[in-house]
Amino acid sequence: MVTIAVDGPSGSGKSSVSRAVAARLGLAYLDTGAMYRAATLWCVRTDVALDDADAVADAVRAMPLTSGLDPAAPTVSLDGTDVAAAIRTTEVSSTVSKVATNLEVRAELKRRQRAIIDDEATGGFSGGRGIVAEGRDITTVVAPDADARVLLTASEEARLRRRSLEVHGAADAAAVAATRDQVLRRDRDDSTVSQFLQASDGVVTIDSSELDLDQTVAAVLAVVEQVVPEAPSARA
Ligand SMILES: Nc1ncnc2c1ncn2[C@@H]1O[C@H](COP(=O)(O)OP(=O)(O)O)[C@@H](O)[C@H]1O
Ligand SMILES: Nc1ccn([C@H]2C[C@H](O)[C@@H](COP(=O)(O)OP(=O)(O)O)O2)c(=O)n1
């Protein structure tokens, strides 16, 4: 069983890089950000006001969430209904920090994330091989005991350009400006409850500003090979 933890700010490449690393090593893949997004959508759909902290926490504890861990096709569903697209809307992106800064919500999702990670040690999707989990507090709070811990960073400019291309299909000044709130303001709010802007002790920082996706994946695989030589080797 190998556990790989990846944290980083918005647009640093956590999701794409972690998925690729999990696929290459035959591991499960857990997108914890998708769980916070699903929690936000669940509150909206059940008419819970996001400013009512106690009601939000109660709703999240009762949330019927399922996370599919196949890196080739990760899924997220609420009450059996696929919500992969619904959790990526601008409405969710711009309000998710309200839910993610609720400490009772964080405790509940940490408990669920820990259970998923532990399940992969004995079976689960990977059949006991292990998991790549990514988010904001995986290296520090959810899996500080992970075999490999990586903080993926990138310059503000690179992160804005990537998110702008992804969401608006362009990275001109107007498109980048429209992305600023979703990236910079959200990171500022999220960083009040998690430490993902600087690496904690024992966490390896990879700056992807000047790397493309394949190069970033290779850099993470190199860290894994170095710190966990017994990890499953990368598939060609
Ligand atoms: N190293 C990279 N170079 C270029 N583009 C990248 C790189 N890493 C990620 N991307 C692209 O940037 C966008 C955001 O990446 P994503 O993995 O969603 O970041 P995060 O999960 O950290 O928010 C995606 O469209 C992805 O393909
Ligand atoms: N472990 C985590 C993962 C995500 N979050 C919060 C912070 C983010 O604003 C939201 C959504 O995370 P997500 O990884 O989807 O965000 P990106 O748009 O990929 O940057 O959830 C968190 O607080 N802790």
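Pairing each residue of region 46-67 that is under 23 Å from residue 30 (Cα atoms) with any residue that is outside any helix (DSSP H, G or I) and among the small types (Gly, Ala, Ser), provided the two are 6+ apart or on different chains, yields C-beta distances under 7 Å for 66/77.
One residue stands out in region 11-42 among those that are within 9 Å of the chain's Cα centre (by Cα) and near ligand 1 (Cβ under 9 Å from one of its atoms): the one that is surrounded by the most Cβ atoms within 10 Å (Cβ to Cβ), namely 18.
Selection of region 1-24 for residues being of a type in the set (A, V, I, L, M), part of a strand (DSSP E or B) and over 17 Å from residue 67 (Cβ atoms) yields only 2. Flag: residue 179 does not match the condition of being buried (at least 16 other Cβ atoms within 10 Å of the Cβ) and either at pLDDT 95 or above or charged (D, E, K, R) (or both).
Of everything in region 1-27, what is away from ligand 2 (no atom under 16 Å from the Cβ), aliphatic (A, V, I, L, M) and modelled with pLDDT of 95 or more? Give them in sequence order.
2, 23, 25, 27, listed by residue number.
The sole residue among 149, 180 that is basic (Lys, Arg) and under 30 Å from residue 234 (Cα atoms) is 149.
Can you tell me which of 170, 174 is in a helix (DSSP H, G or I) and not basic (Lys, Arg)?
Details: 170 fails: in a helix (DSSP H, G or I).
Of the residues listed, the single one that is in a helix (DSSP H, G or I) and not basic (Lys, Arg) is 174.
Restricting attention to region 146-176 and to residues that are touching a strand residue (DSSP E or B) at 6+ places or on another chain (Cβ under 7 Å) and aliphatic (A, V, I, L, M), the residue that is nearest to residue 199 (Cα to Cα) turns out to be 151. Of the candidates 105, 150, 142, the single residue that is within 13 Å of ligand 2 (Cβ to nearest atom), under 15 Å from the mean Cα position of the chain (by Cα), crowded, with 22+ Cβ neighbours inside 10 Å and at negative phi is 142. Considering 210, 225, the condition of being surrounded by fewer than 17 Cβ atoms within 10 Å (Cβ to Cβ), within 11 Å of ligand 1 (Cβ to nearest atom) and closer than 23 Å to residue 149 by Cα is satisfied by 210 alone.
The values are calculated or read from the model by the stated rules, or taken from the named source; none is laboratory data. Everything numeric here is computed off the predicted structure, so don't read it as measured data. A quick note on method: Cβ atoms are made from the backbone with ideal geometry, for glycine too, and the neighbour counts reach across all protein chains shown.
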